[in-house]
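The values are calculated or read from the model by the stated rules, or taken from the named source; none is laboratory data. No experiment lies behind these values; they were computed from the predicted model shown. Cβ coordinates were reconstructed from backbone atoms using ideal geometry, including for glycine residues, and neighbour counts include every protein chain displayed.
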Amino acid sequence: MKYSIILPCKNEEDTVSTVILKARKILPDAEIIVVDNNSTDNSAKLARKIGAKILKEPIPGYGAALLQGFKEAGGEYVIMCDADNTYDLLELPKLLKYVNEKNNYDIIIGNRMNKNMKREAMPFMHKYLGNPFLSSIMRFMFNNNIKDSQSGLRIIKKSSLEKLNLQSSGMEIASEIIIKALKLNMKIKETNITYYPRIGESKLRSFNDGWKHLKMMLLYSPDHLFLIPGITLFVLGFLLITVLLFQKIQFFGITLVTHPAIIGSLMTILGFQIMQLWAYAKTYRVTIFDERDELISKMHKAISLENSMIFGSLLILLGIIIGIIIIATWIQRDLGKIDYFEKSIFALTIIVLGIQTIFSGFMLSILGTKRS
């Protein structure tokens, strides 16, 4: 058996038979698995009647249904498709032509986002905002050229599918498949297909499912979630408190010291903390999931626990020295008023960064310890 066709199904009695018959016409020897995801109509009965294998998945969700089907699929290649006939399985040959040893693709995706999409097949917001936005974020974060990252018609090599270790129970599994495949350097091909209006009620919850897709991308891209915001906050904040050491900030004729110094300190400390979260997240993924990351490997060699303790201690010492100078100056002036607020903020910020560096070194050492 070369192909297994997985059809997640919830209340699709009007279309499930049509989808199965189309699949039989193109791939008569394929295993067809309909995963009944809590249907209250005759979907499962109709599918069984024309020879499909029926699986029950009580956990609600598109991803949960697919995972159940993937687990039971016996084919060398797994075809995932919706049971609502929005994808015309008579167009399967457009994808099947890329299934060969020469191309050796791990995943072949049917791209709906093209001029062949039928009118009213997709709501206006999904067609022109939601799907293009999510796909563009996917391209930006994970360096690929996939135009339809949420497509539900795909052919996946079973051996590749087993390496993905999929977990999502909802619609976001579509993004999880691509993200993990890209991280494993799998070969992905995309080809245009036609997309049709669905019959019956849609199970898609636009904003909720859209957020789940976006959250999935952010969780698997620590660089964009933590590193870029962290560096931005840290650099701007540290630059601000450093500038205040040498000159005052004039704004519409008003001299500002206190508020810019506090804001700059806050930005510096927050930025540093967020960058630490990036280091924790990347280290966790390398240690637990065996992901390859040259930057993290180099970082761990350069920033050992001992180096972190030394550098953190130097920062603390620098902050204390600045503090001692401020106190000495205050004493020399008979405890009178001195205008050293910005220097005090700078010293306290440096001390906090030093303490964070030391304890961050311990945390990275803990996370970086591989289990035997």
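Here region 193-217 is the region considered, the condition is being assigned to a helix (DSSP H, G or I) and without any contact (Cβ under 8 Å) to a residue 60 or more places away in the chain, and the residue that is surrounded by the most Cβ atoms within 10 Å (Cβ to Cβ) is Met216. Residues in region 1-27 that are buried (at least 16 other Cβ atoms within 10 Å of the Cβ), charged (D, E, K, R) and part of a helix (DSSP H, G or I): 2 in all.
Inside region 28-52, can you point out the residues that are under 24 Å from Ile108 (Cβ atoms), surrounded by fewer than 18 Cβ atoms within 10 Å (Cβ to Cβ) and in contact with a strand residue (DSSP E or B) (Cβ under 9 Å, 6 or more places away or on another chain)? Walk me through how you get there before you give the answer.
Going residue by residue through region 28-52, those that are under 24 Å from Ile108 (Cβ atoms) are 28-35, 52.
Those still in the list that are surrounded by fewer than 18 Cβ atoms within 10 Å (Cβ to Cβ) too: 28-29.
Within region 28-52, Asp29 is the sole residue that qualifies.
What's the number of the only condition in (1) within 22 Å of His213 (Cα to Cα); (2) among the hydroxyl-bearing types (Ser, Thr, Tyr); (3) buried (at least 20 other Cβ atoms within 10 Å of the Cβ) that Tyr77 fails to meet? Of the numbered conditions (1) within 22 Å of His213 (Cα to Cα); (2) among the hydroxyl-bearing types (Ser, Thr, Tyr); (3) buried (at least 20 other Cβ atoms within 10 Å of the Cβ), the odd one out for Tyr77 is (1). When Met186 is tested against (1) surrounded by fewer than 18 Cβ atoms within 10 Å (Cβ to Cβ); (2) of a type in the set (A, V, I, L, M); (3) more than 30 Å from Ser265 (Cβ to Cβ); (4) at pLDDT 90 or above, exactly one condition is not met: (1). Selection over region 109-130 of residues that are surrounded by 13 or more Cβ atoms within 10 Å (Cβ to Cβ) and without any contact (Cβ under 8 Å) to a residue 24 or more places away in the chain gives a count of 2. Scanning region 153-171 for residues that are within 22 Å of Ala83 (Cβ to Cβ) and either in a helix (DSSP H, G or I) or at pLDDT 95 or above (or both) yields a total of 6.
Please verify whether region 256-268 includes one or more residues that are under 20 Å from the mean Cα position of the chain (by Cα) and modelled with pLDDT of 90 or more.
Kept after step one, since they are under 20 Å from the mean Cα position of the chain (by Cα), are these residues of region 256-268: none.
No, there is no match, as no residue in region 256-268 is under 20 Å from the mean Cα position of the chain (by Cα) and modelled with pLDDT of 90 or more.
Scoring Asp84 on the criteria (1) surrounded by fewer than 20 Cβ atoms within 10 Å (Cβ to Cβ); (2) at pLDDT below 95; (3) under 18 Å from Glu12 (Cβ atoms) leaves a single failure, condition (1). Here region 142-199 is the region considered, the condition is being among the basic types (Lys, Arg) and under 21 Å from Met113 (Cα atoms), and the residue that is nearest to the chain's Cα centre (by Cα) is Lys147.
To keep it simple, each residue is scored yes or no on (1) within 29 Å of the chain's Cα centre (by Cα); (2) touching a residue at least 40 places away in the same chain (Cβ under 8 Å).
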residue: Val16; (1), (2): no, yes
residue: Leu21; (1), (2): no, no
residue: Val34; (1), (2): yes, yes
residue: Thr40; (1), (2): no, no
residue: Leu67; (1), (2): yes, yes
residue: Glu76; (1), (2): yes, yes
residue: Ala83; (1), (2): yes, yes
residue: Leu90; (1), (2): no, yes
residue: Ile107; (1), (2): yes, yes
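Any residue in region 139-153 that's in contact (Cβ under 8 Å) with a residue 24 or more places away in the chain: show its pairings with residues that are of a type outside the set (S, T, N, Q) and in a loop (DSSP other than H, G, I, E, B) at Cβ separation under 6 Å, as long as the two are six or more apart or on different chains. Within 6 Å, the pairs are Lys147/Met113; Asp148/Arg112; Asp148/Met113; Ser151/Arg112; Gly152/Asp82; Leu153/Cys81.
Name the residues in region 53-72 that are among the small types (Gly, Ala, Ser) and out of contact with any helix residue (DSSP H, G or I) (no Cβ under 7 Å at 6 or more places or on another chain), would you? Within region 53-72, Gly61, Ala64, Ala65, Gly69 qualify.
Which one is modelled with the lowest pLDDT among residues in region 313-372 that are in a helix (DSSP H, G or I) and of a type in the set (D, E, K, R)?
Of all residues in region 313-372, those in a helix (DSSP H, G or I) come to 313-332, 341-367.
Still in the running and of a type in the set (D, E, K, R): 342-343.
Working: Glu342: 85, Lys343: 88.
The selected residue is Glu342.
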